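Notes follow the structure.
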Amino acid sequence: MKALILSGGKGTRLRPLTYTGAKQLVPVANKPILWYGIESIVAAGVTDIGIIISPETGEEVRAKTGNGDRFGANITYILQNEPAGLAHAVKIARPFLGDSPFVMYLGDNLIQNELGHFLTDFKEQHMDALIMLRPVPNPTAFGVAQVDAQGRVLHLVEKPKVPPSNLALVGIYFFANTIHEAIDRIQPSARGELEITDAIQDLINHQSHVEARQIEGWWLDTGKKDDLLEANQIVLDTCLQSEILGEVDSQSQISGRVKIGSGSKLISCTVRGPVVIGEGCHLENCFIGPYSSIADQVTLIDADLEHSVILKGAKVVGIHQRIVDSVVGQRAQLKLAPQRPKALRFMIGDDSQIELS
């Protein structure tokens, strides 16, 4: 069994952050989104992993993620020169996949469910494909499946105007090697891409064994700012363990589940968890409210922060108003000009410098 993780794409919905970096490396609770998927796959017992990368961000993904040693895996990087569809990604990964069955995982998805029991069903029932589904309130925005009472998939349609159900395809699929023949038979869609939904529908049309399972825990697509903040909140809520490795002075107050990395210093701060603070940070005269993630080497002085994500090396100094629901990019600088607005909400890209007046 192998795995294929898709970590290409342009991440247009997370711009400006993704002008300078891969969307799959944006952190949730101070860990790149991509790494959650790798860890989930390895936990299911699959350690031979191919990662699809793009020319724009591939080297960053490779440099940050490495050869897989940290995860107990062996990672092979596969370049997709253009974003020509999920089925196209499988097509160019064929030399890596060979005739092995595999799990395909979209690198900007997060799910709570473990993959092991889905993998067991897939193997024991000799399926050609197993897809993950989740009821959603807006099925027109997703690929949608129609299934029978036994869980067999009858029909798939991409972003339907009139959905046959409210069951959206989660970005996790299990495939036998028969998927390659199906991909060879399909044609590009109206948007010029080889769609994985078309390939799965081809399997269904050829009477192949295609089933679906509904996931029960949370499923998060982190493609937009608010999705990213929601993912950060849920992961902090469910996964964070308290650990204080940095220096906290006697004037600071820590409550709830809070993780502070080594080399970080807090002076006269109030921190109400769940909050994660990375390594080498300097926080002074700050209130850090719940559901905030602060990456490594961040400086916060006279800042009031809640439900926000601050990326590596950013500086927020002298902002005496409350910052909420915000994402601040790597090395961005946010400081106070002589006059201030009454409300602050930001999505700030890497290397930005902003003065408020």
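Within region 197-216, residues that are within 16 Å of V103 (Cα to Cα) and without any contact (Cβ under 8 Å) to a residue 60 or more places away in the chain have Cβ atoms under 7 Å from residues that are in a strand (DSSP E or B) and open to solvent by 30 Å² or more (accessible area, probe 1.4 Å) in these pairs: T197/E158, counting only partners at least 6 apart in sequence or on another chain.
Hey, does region 228-245 have a residue that's over 28 Å from I172 (Cβ atoms), open to solvent by less than 20 Å² (accessible area, probe 1.4 Å), aliphatic (A, V, I, L, M) and touching a residue at least 12 places away in the same chain (Cβ under 8 Å)?
Checked against the condition, which is being over 28 Å from I172 (Cβ atoms), open to solvent by less than 20 Å² (accessible area, probe 1.4 Å), aliphatic (A, V, I, L, M) and touching a residue at least 12 places away in the same chain (Cβ under 8 Å), region 228-245 yields no hits at all.
Taking (1) more than 29 Å from D226 (Cβ to Cβ); (2) open to solvent by less than 40 Å² (accessible area, probe 1.4 Å); (3) part of a helix (DSSP H, G or I) in turn, G37 satisfies each apart from (1). For G263, state whether it is modelled with pLDDT of 95 or more, open to solvent by 40 Å² or more (accessible area, probe 1.4 Å), in contact with an Asp or Glu (Cβ under 8 Å, 6 or more places away or on another chain) and of a type in the set (G, A, S). Taking the combined requirement at face value, the residue satisfies it. Considering region 147-177, and only residues there that are in contact with a Leu (Cβ under 8 Å, 6 or more places away or on another chain) and surrounded by fewer than 16 Cβ atoms within 10 Å (Cβ to Cβ), the residue that is farthest from H206 (Cα to Cα) turns out to be D148. Residues in region 322-333 that are assigned to a loop (DSSP other than H, G, I, E, B) and open to solvent by less than 40 Å² (accessible area, probe 1.4 Å) were compared, and the one that is farthest from A29 (Cα to Cα) is A332. Within region 311-329, identify whether any single residue is under 22 Å from G246 (Cβ atoms) and among the small types (G, A, S), and answer yes or no. So far as region 311-329 goes, yes, one or more of its residues are under 22 Å from G246 (Cβ atoms) and among the small types (G, A, S). Looking only at residues in region 91-107 that are touching a strand residue (DSSP E or B) at 6+ places or on another chain (Cβ under 7 Å) and outside any loop (DSSP other than H, G, I, E, B), the one that is surrounded by the most Cβ atoms within 10 Å (Cβ to Cβ) is Y105.
In region 114-129, is there at least one residue being in a strand (DSSP E or B) and at pLDDT 95 or above?
Keep residues of region 114-129 that are in a strand (DSSP E or B), which gives 129.
Now narrow it down to the ones that are at pLDDT 95 or above: 129.
Yes.
Taking the criterion of being more than 21 Å from L115 (Cβ to Cβ) and acidic (D, E), the residues of region 185-225 that qualify are E193, E195, D198, D202. Residues in region 213-227 include at least one that is modelled with pLDDT of 90 or more and either among the aliphatic types (A, V, I, L, M) or open to solvent by 20 Å² or more (accessible area, probe 1.4 Å) (or both). For first residues located in region 272-283 and of a type in the set (K, R), partners that are assigned to a loop (DSSP other than H, G, I, E, B) and lie 6+ apart or on another chain with Cβ distances below 9 Å form the pairs R272/G256; R272/G289; R272/P290.
On the given criteria, is H180 of a type outside the set (D, E, K, R) and either buried (at least 23 other Cβ atoms within 10 Å of the Cβ) or at positive phi (or both)? Taking the combined requirement at face value, the residue does not satisfy it. Determine, yes or no, whether N81 is surrounded by fewer than 16 Cβ atoms within 10 Å (Cβ to Cβ), among the polar types (S, T, N, Q) and at pLDDT below 95. Yes. If you go through region 271-298 and pick out every residue that is open to solvent by less than 50 Å² (accessible area, probe 1.4 Å) and either closer than 21 Å to K31 by Cβ or in contact with a Ser or Thr (Cβ under 7 Å, 6 or more places away or on another chain) (or both), you end up with 18. One residue stands out in region 48-72 among those that are over 17 Å from L86 (Cα atoms) and among the small types (G, A, S): the one that is surrounded by the fewest Cβ atoms within 10 Å (Cβ to Cβ), namely A63.
The values are calculated or read from the model by the stated rules, or taken from the named source; none is laboratory data. The model shown is predicted, which means the values in this text are computed figures rather than measured ones. Quick reminder, even Gly has a Cβ in these numbers, built from the backbone with ideal geometry, and neighbours come from all protein chains shown. Side chains are part of the model used for accessible areas, which takes the heavy atoms of the whole protein and leaves out ligands, DNA and RNA. Shrake-Rupley method; radii C 1.70, N 1.55, O 1.52, S 1.80 Å.
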